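A short reminder: the numbers here are calculations on the coordinates, not readings from a lab. Since this is a predicted model, take the numbers as computed values, not measurements. Here the Cβ positions follow ideal geometry from the backbone for every residue, glycine too, while neighbour counts run over all protein chains shown.
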Amino acid sequence: MSLILNLETATKNCSVALAKNGKTIACKEIAAQNFSHAEKLHVFIEEILHENNVKFSDLTAVAVSQGPGSYTGLRIGVSSAKGFCYALNIPLIAIDTLQLLAKQVEIENGVILPMIDARRMEVFSAFFDKNHKQIRATQAEIIDETSYQEITEIIHLVGDGIEKFKNILIDEKFVFHSSKIFPSANEMSALSFDKFQKKEFVDVAYFEPFYLKDFVLTK
């Protein structure tokens, strides 16, 4: 039996899920405009374990969203995950953030384009097929009227980065899903269990989030 604690903090959604053998048995999350990860993450973890009669020592692994996303959010999630893994001597699993976002859209045709807002007209994005398999590398890209002209398939856009492009990407091939869908630890359960079974772990000492862009301090 595996009990995996899944942590997602790459966007404004602070999300924690407890999974047993790849199935979510509890999930707590809040998407706050002012980012509440520092205040909520460990509260959610303690509540989920307590409410499900699970001790920290019962955990078999911790999974964390690796990015791309918010620099501060990623640091909080990854630091917490590494701390638990080191103290409990259990493996650390890293999950791609954009894949978690893509998994919240079910399609029959076309491709899925999850977008995480990277400010101004830039987003973190990647392409996934209908089976949620990544088919284009993750990029930080600036979107304009000429973007994705070479793609003839239906493009399903999802995530908080899509709202600012509704008046720019006006071709009928663009299908806009909700901009209020965020990466969630709930979608991590099956992915982290698969990696756990395959022993696809990352090094607790040296693992770093996938920031994609350098941190820039502004006033």
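Of the Cα atoms belonging to the stretch 70-135, the radius of gyration and Dmax stand at 15.1, 45 Å.
Cβ neighbours within 10 Å, averaged per peptide: list 48-60, 121-133 in order, most packed at the top.
On the way: 48-60: 13.4, 121-133: 18.5.
In decreasing order of mean packing, 48-60, 121-133 become 121-133, 48-60.
Other residues with beta-carbon under 12 Å from the beta-carbon of Arg75 carry, at +1 per Lys or Arg and -1 per Asp or Glu, a net charge of 0. Using every pair of distinct Cα positions in the stretch 23-141, the Kirkwood expression returns a hydrodynamic radius of 16.1 angstrom.
For the stretch 105-176, what is the convex hull (Cα atoms) projected area averaged across all directions, in square nanometres? Provide the component values of the computation, followed by the final result.
Working: hull surface 17.4 nm².
Reported value for the Cα convex hull: 4.3 nm².
Electrostatic tally near Lys28: other residues with Cβ closer than 12 Å to its Cβ, Lys and Arg +1, Asp and Glu -1, net -4. Over all other residues within a Cβ to Cβ distance under 14 Å of Lys130, the charged ones net out to -2, with Lys and Arg as +1 and Asp and Glu as -1.
Based on the alpha carbons, how large is the Rg to Rh ratio for the stretch 3-66 when Rh follows Kirkwood? Can you show the working numbers first?
Working: Rg = 11.3 Å, Rh = 11.8 Å.
Radius of gyration over Kirkwood radius for the stretch 3-66 works out to 0.96.
What share of the DSSP beta bridges in the chain is antiparallel, in percent to the nearest 5? Before the final figure, lay out each step's value.
Working: 25 of 40 bridges.
Here the antiparallel bridges make up roughly 60 percent for the chain.
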